[in-house]
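The values are calculated or read from the model by the stated rules, or taken from the named source; none is laboratory data. Here the structure is a predicted model, which is why all the values come from computation and not from measurement. Cβ: placed from backbone, ideal geometry, glycine included. Neighbour counts: every protein chain shown.
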Amino acid sequence: MLLNILFTILGAILVLVGADKLTDGSIGIARRFHISEMVIGLTVVAFGTSLPEFVVSLLASINGVPSMSVGNIVGSNLFNTLMIVGCSALVCPIVVSKKTVSKDIPFTLLASIVLPALALDTWVNHESVDILTRGDGIVLLGFFVVFMTYTFSMAKTEKSVDDENQGGEEMSFLKMLLWIVLGIAALIGGGELFVDGASGIARELGVSDAIIGLTLVAGGTSLPELATSIVAARKGQSAMAIGNVIGSNMFNIFWILGCCAMIVPLPVTGIHWTDFAMLLLASVMFWLFARTSHRIVRIEGVLLVACYIVYIAGLIFAL
């Protein structure tokens, strides 16, 4: 047990350090092209901070614990939408543009509907088991292509970010590449250790891999998004904070689960319809709060965080 705990902690540290360095390097490169902060949040930052989920879910699928892959993604998106948006709003009320409310956040709602529609085969298609097949993976990747096409078309029309608003000194190209390479290496190594440790803890405590994925793994791999969004909100970069959450949710469901299902079909065991219902509820709350006066204020942040705490408490008491 002690060794598994050590692996989990060490893996989490490596994943966090790797995500931090990879994101720094990626943002440095993106800024050379003067991309708007919303687009940076939706793409570069979202991709960098979602790599922990990608590595952990991919390795979990390959190592024979696919239920942890699905649990990790559902749990991570819940953490993103409730805890990260909530904590960011607590630090500083988040300003949300009309375009984000009408065009960007609905992608989060779409993902929260598409995933259970594909995963809950016993409900939707009256099959004997719930599973994300390779065909489902293709569908998810198709939605990801649509999302990325929309994002890149938006990048061409949105106003560029001024150098003054980009913040920080310009990083040398060599340093950017170094951070990216080191970040990827730390993510892969840390992801392997984290999956091994979390799976070991689950087995020894008699807890299902799905529950571990929904809680411990999801929270650990979502820490980069939490740190990035809180810092962005504190600096007044609301668009990057919101873009990071929306982009990460899209990468998690459409890209990560799509890729994992293409490699190995993912049985949806230990994840119940209530978990998917909570995911949809979180997305609806996110959209409604953003729609009211186009701001997410502190009291709304409190409600989002409270919903997440109640959800986690329910999982723990149900064990």
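Structure above, values below:
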quantity	calculated
Set 226, 281: member being in contact with a Cys (Cβ under 9 Å, 6 or more places away or on another chain) and modelled with pLDDT of 90 or more	281
Any pair with Cβ under 6 angstrom, 6 or more apart, that starts in the range 291-303 at a residue that is on the phi > 0 side of the Ramachandran plot and ends at one that is assigned to a loop (DSSP other than H, G, I, E, B)	294/96
Whichever residue in the range 31-74 is without any contact (Cβ under 8 Å) to a residue 24 or more places away in the chain and hydrophobic (A, V, I, L, M, F, W, C) and, among such residues, is nearest to residue 198 (Cα to Cα)	44
Filter result for the condition that a residue is among the aliphatic types (A, V, I, L, M), surrounded by 14 or more Cβ atoms within 10 Å (Cβ to Cβ), closer than 21 Å to residue 66 by Cβ and touching a helix residue (DSSP H, G or I) at 6+ places or on another chain (Cβ under 6 Å), over 257, 280, 304	257
Scan of the range 1-42 for residues that are hydroxyl-bearing (Ser, Thr, Tyr), assigned to a helix (DSSP H, G or I) and surrounded by fewer than 24 Cβ atoms within 10 Å (Cβ to Cβ), ordered by number	8, 26
Top-ranked residue of the range 46-72 - restricted to ones that are closer than 17 Å to residue 249 by Cα and surrounded by fewer than 24 Cβ atoms within 10 Å (Cβ to Cβ), ranked as modelled with the lowest pLDDT	47
Set 105, 84: member being more than 12 Å from the chain's Cα centre (by Cα), modelled with pLDDT of 90 or more, in a helix (DSSP H, G or I) and not charged (D, E, K, R)	105
